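Below is one structure; the comments refer to it alone.
The values are calculated or read from the model by the stated rules, or taken from the named source; none is laboratory data. Because the structure is a prediction, the values reported are computed rather than measured. Ideal geometry is used to build each Cβ from the backbone, glycine not excepted, and the neighbour counts take in all protein chains shown.
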Amino acid sequence: MYAVAEKIKTTAHWEVDVQLELFHTDIGANRLSKGLFKGKTLLYSDLKHVLLRVVPKYMPEAEENLILVSSHIDTVSTT
């Protein structure tokens, strides 16, 4: 995933600044309070996150108005 993010950064239009950030989460849990899986606990470990921020170079104030798009490709449902 990092390689794809790097390619986006290096091939982006010249009028945008692409900022790339990586961070790692060791271990944690999240108890769901509503929805289909209400009352279930999600456990996670060794998560690696890649963040890309695309900001127009001539509108730096746009950095304050962000939309977060989140996805993952490793979801496994177990009983």
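Taken together, the residues in segment 1-19 that are of a type in the set (Ser, Thr, Tyr) and at pLDDT 85 or above amount to 2. Taking segment 5-23 as the range and being closer than 18 Å to Leu68 by Cα and free of Cβ contacts under 8 Å to residues at least 40 places away in the same chain as the test, the residues that pass are Val18, Gln19, Leu20, Glu21, Leu22, Phe23.
Close contacts from segment 29-50, counting a first residue that is farther than 30 Å from Val4 by Cβ and a second that is surrounded by 10 or more Cβ atoms within 10 Å (Cβ to Cβ) and of a type in the set (A, V, I, L, M), with Cβ to Cβ under 8 Å and a gap of 6+ residues or different chains, come to Arg31/Leu42; Lys38/Leu32; Gly39/Leu32; Lys40/Leu32; Thr41/Leu32. Residues in segment 1-39 that are surrounded by 10 or more Cβ atoms within 10 Å (Cβ to Cβ) and among the hydroxyl-bearing types (Ser, Thr, Tyr): Tyr2, Thr25. Of all residues in segment 1-58, those that are of a type outside the set (D, E, K, R) and not in a strand (DSSP E or B) total 18.
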